[in-house]
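Asks: Below is the structure I would like to discuss, written out as structure tokens.
The values are calculated or read from the model by the stated rules, or taken from the named source; none is laboratory data. Keep in mind the model is a prediction, meaning the values are calculated, not measured. A quick note on method: Cβ atoms are made from the backbone with ideal geometry, for glycine too, and the neighbour counts reach across all protein chains shown. Accessible surface is based on the protein model in full, side chains and every heavy atom, while ligands, DNA and RNA are left aside. Shrake-Rupley method; radii C 1.70, N 1.55, O 1.52, S 1.80 Å.
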Amino acid sequence: MERESEQLPQTQPTDTFEVKEPRNHVFSKVSEIARSTVETYRSKPASHWLLLALFGGFMLTAFPASSLLSRLYYNNGGQSKWILSWAAVAGWPLTAILLIPTYIFTKSRPTPLSLKLAAWYILLGFLSAVDNLMYAWAYAYLPASTASLLAASSLIFSALFGYLLVKNKINLSSVNAIVIITTGVVIIALDSKSDRYPGITNKQYILGFVWDILGSALHGLIFALSELVFIKILGRRSFHVVLEQQVMVSFAAFIFTSIGMLINDDFTGMKVEARSFKHGEVAYALVIAWSAVTFQLGVLGGTGVLFLASTVLAGVLNAVRVPITAIAAVIWFHDPMSGFKILSLVVTVWGFGSYIVGHSSSNKVS
């Protein structure tokens, strides 16, 4: 009897511990996440989060709208890749207009334009012009939903170039996301016959596929180089720096693209396209004008996120717009949505989630 009474107290605490421990573990995890979120929010003023939300909103709305307008241009009779590329940077004066009141209200002065800084602006402008031309070729031969899904690979290149140039961290979750998104791209490649527009040859489809991937790679490089300019040359001083960088880079891209337009005689070609456009000259002018506005707002949003956060968050938001664009293209343009494309969309979103969770975890550790 004495031995039995001695054994009873040993079994009861063990049973109680097994029941309560999981509950306590979950509660502690939830509390930790809530506490971390509150601390992160309090670490910056409310104006910081307001601007970050505004810039993020620009990326998630203006970029999809710009992609859909590109497809609308080709669907209604537009043919020139140079014109579409030119429209992407023709809206640079909009950012310049926003820059003027910034100087007045913040009492800040323009950043001195050194030879080194000017060289960086010219380089980024040239890369942006080339990037826009690559995407113009991609949208000429691919449905908007397919082109946007392939553009998800920009997250891969943002992570890689951010690691190589800006020393952003890459953890196992980031590698996992890269593998998953690459799988999504491969799935699209395997399903190339189901979403091809009538009249598009195998060579044209493959060309659009390749230009989209190359454009996404260059897009990731531009993100990383832009953050490098902020850190090494401009510094993270004030909001007007963001606008200055965007104005100068877009202006440089505008000059490069305008030279291409002149060589290709596409300024004259715009008049010809306008007369033969499906819904008339006014519709043609509206498509070009709104392409200029939406693309400029999207790039401004991306530059603002770079300034207020990092290449990682800009890459994530740039990738999140992909499923938004794909779904919108299916609704408005009736793009074919095969089982393979749906699988690619699911896999891509999964990759986004893995990347975001992995980056959030690494931030908590650091």
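Asks: Check 182, 146 and return the single one that is open to solvent by 20 Å² or more (accessible area, probe 1.4 Å) and hydroxyl-bearing (Ser, Thr, Tyr).
Replies: After ruling out the rest, the residue left standing is 182.
Asks: Spot the failing condition for residue 119; the list is (1) surrounded by 16 or more Cβ atoms within 10 Å (Cβ to Cβ); (2) in a helix (DSSP H, G or I); (3) without any contact (Cβ under 8 Å) to a residue 60 or more places away in the chain; (4) hydrophobic (A, V, I, L, M, F, W, C), and only one is missed.
Replies: Just one mismatch for residue 119, condition (1).
Asks: Sort out which residues of the stretch 239-265 are within 23 Å of the chain's Cα centre (by Cα) and hydroxyl-bearing (Ser, Thr, Tyr), and write them in order of number.
Replies: Passing the criteria: 250, 257.
Asks: Being touching a Lys or Arg at 6+ places or on another chain (Cβ under 9 Å), in a helix (DSSP H, G or I) and either among the small types (Gly, Ala, Ser) or at pLDDT below 80 (or both), is that true of even one residue in the stretch 172-195?
Replies: Yes, because at least one residue in the stretch 172-195 is touching a Lys or Arg at 6+ places or on another chain (Cβ under 9 Å), in a helix (DSSP H, G or I) and either among the small types (Gly, Ala, Ser) or at pLDDT below 80 (or both).
Asks: Anything in the stretch 231-264 that is hydroxyl-bearing (Ser, Thr, Tyr), assigned to a helix (DSSP H, G or I) and farther than 16 Å from residue 80 by Cβ? List them, or say none.
Replies: 250
Asks: Could we say that residue 160 is over 14 Å from residue 241 (Cα atoms) and open to solvent by 50 Å² or more (accessible area, probe 1.4 Å) here?
Replies: Here the answer is yes, as residue 160 does meet what is asked.
Asks: Looking at the stretch 226-248, which of its residues are touching a helix residue (DSSP H, G or I) at 6+ places or on another chain (Cβ under 6 Å) and more than 19 Å from residue 109 (Cα to Cα)?
Replies: Those that are touching a helix residue (DSSP H, G or I) at 6+ places or on another chain (Cβ under 6 Å) and more than 19 Å from residue 109 (Cα to Cα): 226, 227, 228.
Asks: Restricted to the stretch 62-106, and to residues that are without any contact (Cβ under 8 Å) to a residue 60 or more places away in the chain and open to solvent by 50 Å² or more (accessible area, probe 1.4 Å), which residue is nearest to residue 273 (Cα to Cα)?
Replies: 93
Asks: Give the residues of the stretch 122-144 that are among the aliphatic types (A, V, I, L, M) and part of a helix (DSSP H, G or I), sorted by residue number.
Replies: Answer for the stretch 122-144, where residues must be among the aliphatic types (A, V, I, L, M) and part of a helix (DSSP H, G or I): 122, 123, 124, 127, 129, 130, 133, 134, 136, 138, 140, 144.
Asks: Could you tell me whether residue 268 is β-branched (Val, Ile, Thr) and more than 17 Å from the chain's Cα centre (by Cα)? Spell out the reasoning first.
Replies: Working: β-branched (Val, Ile, Thr): yes; more than 17 Å from the chain's Cα centre (by Cα): yes.
Here the answer is yes, as residue 268 does meet what is asked.
Asks: Is the stretch 243-266 home to any residue that is at pLDDT below 85 and surrounded by 20 or more Cβ atoms within 10 Å (Cβ to Cβ)?
Replies: Within the stretch 243-266, one or more residues are at pLDDT below 85 and surrounded by 20 or more Cβ atoms within 10 Å (Cβ to Cβ).
Asks: Could I ask something else about it? Out of everything in the stretch 269-318 that is within 18 Å of residue 76 (Cα to Cα) and among the aromatic types (Phe, Trp, Tyr), what residue ends up being surrounded by the fewest Cβ atoms within 10 Å (Cβ to Cβ)?
Replies: Of everything passing the filter in the stretch 269-318, 290 is surrounded by the fewest Cβ atoms within 10 Å (Cβ to Cβ).
Asks: Return the pairs, sorted by first residue and then second, in which the second residue is of a type in the set (Val, Ile, Thr) and surrounded by 12 or more Cβ atoms within 10 Å (Cβ to Cβ), the first residue lies in the stretch 271-282 and is at negative phi and without any contact (Cβ under 8 Å) to a residue 60 or more places away in the chain, the beta carbons are less than 9 Å apart, and the residues are 6+ apart or on different chains.
Replies: Pairs that qualify, where the first residue is at negative phi and without any contact (Cβ under 8 Å) to a residue 60 or more places away in the chain and the partner is of a type in the set (Val, Ile, Thr) and surrounded by 12 or more Cβ atoms within 10 Å (Cβ to Cβ), are 274/288.
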